[in-house]
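The values are calculated or read from the model by the stated rules, or taken from the named source; none is laboratory data. From a predicted model like this one, the values you see are computed outputs, not experimental measurements. No Cβ is skipped: glycine too gets one built from the backbone with ideal geometry, and neighbour counts run over all protein chains shown.
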Amino acid sequence: MRRIDAHIHFCGDTDAAVRALKELDLKLLNICVAHKTGSAWREKAGHYRMLAEKHPGAYAWCTSFDLPDFQETGYAKRVIEELDEDFTHGRAVAVKGWKNIGMELKKPDGSFIQIDDELFTPIFEWLERNGRTVLLHMAEPLACWRPLEDHKPHCSYYKANPQWHMYGKPEFPSHEEIIAARDRLLARHPKLRVVGAHLGSLEYDVDEVAKRFDAYPNFAVDTSARLWDIVLQPTEKVRAFLLKYADRVLHGTDLVRNQLFSGLDAKAAEANLNELREETAAAERYYAGTDAFTYRGGQVQGLGLPGEVVEKLFKANARAWYPEL
Ligand SMILES: [Zn+2]
């Protein structure tokens, strides 16, 4: 196994897809997202779990947990029981919390619940005690709170999903508030392994990621859907960052192809695989290559990182932060 994509949503259940992953020497970590209150997300989780059970060399999965509805007594206890089942029998390798905590879900008093809320404390204590890894997508890129700028990263997402665009919405929590809640959680549970999805929502400056790495040894980040943000930062600065924190960054594409490939025609399934090949190749070219190339319409200089650092980014760090992977 030469590569791990540590953050993806990819339902390639066909023989052709599994074969392609083998050819790519690539294992995928599928990530569950609990989009709304309730357990509807469990259907997709079932697909991810099935893929990991049937093809453990090609797939692993990261579960999630229901959001609180604030009516239920014993919420944390139930979540812990479900996580225990996911980890023990389902062989999930981590659990994910999503941005709806912090940005969408409100408590009965009308305030936004944050990830360090005491309601979640028993869950994080249990995860910490049991040596489980948490993947947290808290907040959004900073661009979320800024006016839209064409041809910049994230613009098209907020055009398509204006409900998540926070510019001019002072009634919602700020980027700083949400990140601060996440940082308090990191400080409160020093033995809890936490991977910050999307560069920990600090994609705008690797120095900000570095500050958290220095403050919280239990924190790593994945690069999912943020390659575009990193390549825009000065080459030498990014290179120095990745050399210094070579054990703390995990490669992930965040490609979202959630329909089971067995329900797609062969052409569509092949297109999905091609996209995965291209995204993976672009990341590898950026980290390992020494030439300049075009990425998303801009010129990008390859970092030329040493082989052992590239190997950490693409495999060893995922294994270290998700030990069951
Ligand atoms: Zn994702």
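Output the residue which, of all residues in segment 183-210 that are in a helix (DSSP H, G or I) and on the phi > 0 side of the Ramachandran plot, is nearest to the ligand (Cβ to nearest atom).
His198
In a loop (DSSP other than H, G, I, E, B), within 15 Å of the ligand (Cβ to nearest atom) and surrounded by 22 or more Cβ atoms within 10 Å (Cβ to Cβ) - does that describe any residue in segment 57-67?
So the first thing to find is which residues in segment 57-67 are in a loop (DSSP other than H, G, I, E, B), and the list is 57-58, 64-67.
Still in the list and also within 15 Å of the ligand (Cβ to nearest atom): 64.
Next, from what is left, pick out any that are surrounded by 22 or more Cβ atoms within 10 Å (Cβ to Cβ): 64.
Yes - at least one qualifying residue is present in segment 57-67.
Among the residues of segment 201-220, is there at least one that is in contact with a Lys or Arg (Cβ under 7 Å, 6 or more places away or on another chain), β-branched (Val, Ile, Thr) and in contact (Cβ under 8 Å) with a residue 24 or more places away in the chain?
Yes, because at least one residue in segment 201-220 is in contact with a Lys or Arg (Cβ under 7 Å, 6 or more places away or on another chain), β-branched (Val, Ile, Thr) and in contact (Cβ under 8 Å) with a residue 24 or more places away in the chain.
Among the residues of segment 2-23, what is the count of those that are part of a strand (DSSP E or B) and either among the small types (Gly, Ala, Ser) or away from the ligand (no atom under 14 Å from the Cβ) (or both)?
Qualifying residue count, segment 2-23: 3.
Here are some conditions: (1) surrounded by fewer than 19 Cβ atoms within 10 Å (Cβ to Cβ); (2) more than 16 Å from the ligand (Cβ to nearest atom); (3) touching a residue at least 24 places away in the same chain (Cβ under 8 Å). Arg78 meets all but one. Which one does it not meet?
For Arg78, the failing item is (3).
Considering Asp254, Asp247, which residue is over 18 Å from His198 (Cβ atoms), outside any helix (DSSP H, G or I) and charged (D, E, K, R)?
Selected residue: Asp247, the only one of Asp254, Asp247 that is over 18 Å from His198 (Cβ atoms), outside any helix (DSSP H, G or I) and charged (D, E, K, R).
Looking at (1) free of Cβ contacts under 8 Å to residues at least 12 places away in the same chain; (2) touching a Cys at 6+ places or on another chain (Cβ under 9 Å); (3) under 23 Å from Phe124 (Cβ atoms), find the lone condition where His175 falls short.
If we test His175 against (1) free of Cβ contacts under 8 Å to residues at least 12 places away in the same chain; (2) touching a Cys at 6+ places or on another chain (Cβ under 9 Å); (3) under 23 Å from Phe124 (Cβ atoms), just (1) comes out false.
Report yes if Arg184 is in contact with an Asp or Glu (Cβ under 6 Å, 6 or more places away or on another chain) and farther than 24 Å from Asp254 by Cα, otherwise no.
Yes.
Counting only residues that are out of contact with any Pro (no Cβ under 8 Å at 6 or more places or on another chain) and either surrounded by 21 or more Cβ atoms within 10 Å (Cβ to Cβ) or in a strand (DSSP E or B) (or both), how many does segment 100-114 have?
2
Does Ala40 satisfy the condition of being assigned to a loop (DSSP other than H, G, I, E, B) and within 14 Å of the ligand (Cβ to nearest atom)?
So Ala40 does not fit the description; no.
Quick one: is Leu276 in a loop (DSSP other than H, G, I, E, B) and at pLDDT 95 or above?
So Leu276 does not fit the description; no.
Mind listing whichever residues of segment 245-273 are of a type in the set (S, T, N, Q) and either crowded, with 22+ Cβ neighbours inside 10 Å or touching a Pro at 6+ places or on another chain (Cβ under 8 Å) (or both)?
Within segment 245-273, Thr253 is the sole residue that qualifies.
Checking the condition within 19 Å of Lys237 (Cβ to Cβ) and modelled with pLDDT of 95 or more, which residue from Tyr322, Tyr287 passes?
Result of the check over Tyr322, Tyr287: Tyr287.
Could you tell me which numbered condition Trp126 fails, if it satisfies all but one of (1) within 16 Å of His189 (Cα to Cα); (2) in contact with a Pro (Cβ under 7 Å, 6 or more places away or on another chain)?
Result: Trp126 passes all but (2).
Does segment 211-230 contain at least one residue that is assigned to a helix (DSSP H, G or I), farther than 23 Å from Ala316 by Cα and more than 16 Å from the ligand (Cβ to nearest atom)?
No, because not a single residue in segment 211-230 is assigned to a helix (DSSP H, G or I), farther than 23 Å from Ala316 by Cα and more than 16 Å from the ligand (Cβ to nearest atom).
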